[in-house]
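Only one structure is covered here, and it is reproduced in the block below.
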Amino acid sequence: MSALLYIHGFLSSPKSHKAIQMGEWLSQYRPQTQYLCPFLTPYPDQTRNTLEKLVEQHIIGSLYLMGSSLGGFWATWLAEKYGLRTVLINPAVDLSLFNQKYINTGLKNYHTDDTYKLTEDHIAGFKLSDTPAIRLPEKYMLLVQTGDEVLDYRQAVQKYRGCKQIIEEGGNHAFDCFDTYITEAINFLETKR
């Protein structure tokens, strides 16, 4: 049985618009594919442990990854560690996004009442999973929009050079019209190479 692990972004949840769209699309067009979309905190050690356990439970079959924003950071780490096919949506590639703005500041999840506080140690924890170089470019599909107001799309284009890339003019960090790319993304993930 195949499974898709969707990894949501920073302070997001399985209730995000793209996560819901992905789950609905799979239930309609690939009901045989198990949809995994765990709730992840912004704490890197917890997230790393949760994702590793999920991957190791499902890696015997066909497991595919999809990650949005910080979820793209985590998907890249898993793809490189386990050799998995991956779709990235406006992925975070530069850990400096965790500047002083996020350290020792009250943070709230966008979809729940959960609150968090990141320390310097948490930021250091992200660095343990950083993958500065991509070894398996054929396993990646990158979706970016140039109007991303949170992350510089050019950093993702540079990091994932050699990978299949779709660079759409305009848009935003949420990646407008994600649903129009789902079929192409799933076809990419299901390609055997």
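The values are calculated or read from the model by the stated rules, or taken from the named source; none is laboratory data. Note that the coordinates shown come from a computational prediction; the quantities given were computed from them, not determined experimentally. As a convention, Cβ positions derive from the backbone with ideal geometry for all residues, glycine included, and neighbour counts pool all protein chains shown. Just so you know, the surface numbers come from the protein's heavy atoms only, side chains and all, with ligands and any DNA or RNA stripped out. Shrake-Rupley method; radii C 1.70, N 1.55, O 1.52, S 1.80 Å.
Compute the length gained on full extension between residue 138 and residue 158: take 0.36 nm times their separation in residues and subtract their Cα-Cα distance, giving the result in nm to one decimal.
5.7 nm
Rounded, prolate or oblate: pick one for the stretch 108-150, where a ≥ b ≥ c are the square roots of the eigenvalues of its C-alpha gyration tensor, a/c under 1.5 means rounded, and failing that, prolate if a/b is larger than b/c, else oblate.
Since a/c reaches 1.5 but b/c is at least a/b, the shape of the stretch 108-150 is classed as oblate.
Explain nothing, just the number: relative contact order of the stretch 1-143, from Cα pairs under 8 Å at least 6 residues apart, as a whole percent.
27 percent
So what is the accessible area of the chain per residue, in Å², with the probe set to 1.4 Å?
Dividing the accessible area of the chain by its residue count gives 47 Å².
Count the lysine pairs in the chain that are 8 or more places apart or on different chains: how many have C-alpha atoms under 18 angstrom apart?
Lysine pairs meeting both conditions in the chain amount to 14.
Where a ≥ b ≥ c are the square roots of the eigenvalues of the C-alpha gyration tensor, would you call the stretch 89-130 rounded, which needs a/c under 1.5, or, failing that, prolate if a/b is larger than b/c, or oblate?
Oblate is the answer for the stretch 89-130, as a/c is 1.5 or above yet b/c matches or exceeds a/b.
Specify the angular offset, from 0 to 90 degrees and rounded to the nearest 10, of the alpha carbon long axis of helix 44-58 from the longest principal axis of the alpha carbons in the chain.
Here the helix axis deviates by roughly 20 degrees.
Using only the alpha-carbon atoms of the stretch 1-89, report the extent along each of the three principal axes, biggest first, to the nearest angstrom.
33, 29, 18
Using the Cα centre of the stretch 1-127 as the reference point, and only Cβ charges (+1 on K/R, -1 on D/E), how large is the resulting charge dipole? Debye, rounded to the nearest 20.
Details: 11 positive and 10 negative charges, 44 e Å.
The calculated dipole for the stretch 1-127 is roughly 220 debye.
May I ask you to list the residues of the stretch 165-193 whose amide nitrogen lies under 16 Å from a point 7 Å from Cα along the Cα→beta-carbon direction of residue 34?
none
How large is Rg over Rh for the chain, taking Rg from the Cα atoms and Rh as the Kirkwood inverse mean of 1/r across Cα pairs?
0.93
Ordering 85, 135 from largest to smallest accessible area (1.4 angstrom probe), what's the sequence?
Highest to lowest solvent-accessible surface, that is 135, 85.
Tally Lys and Arg at +1 and Asp and Glu at -1 over the other residues with C-beta under 13 Å from the C-beta of residue 23: what net charge comes out? All intermediate terms of the calculation are to be shown ahead of the outcome.
Details: positive: 15, 18, 30; negative: 24, 179.
Surrounding charge for residue 23 is +1.
For the stretch 186-192, in order, what is each residue's ³J(HN,Hα) by Karplus, 6.51 cos²θ - 1.76 cosθ + 1.60 with θ = phi - 60°, in whole Hz (x at glycine and Pro)?
Values per residue, Gly and Pro as x: 5, 4, 4, 4, 7, 5, 8 Hz.
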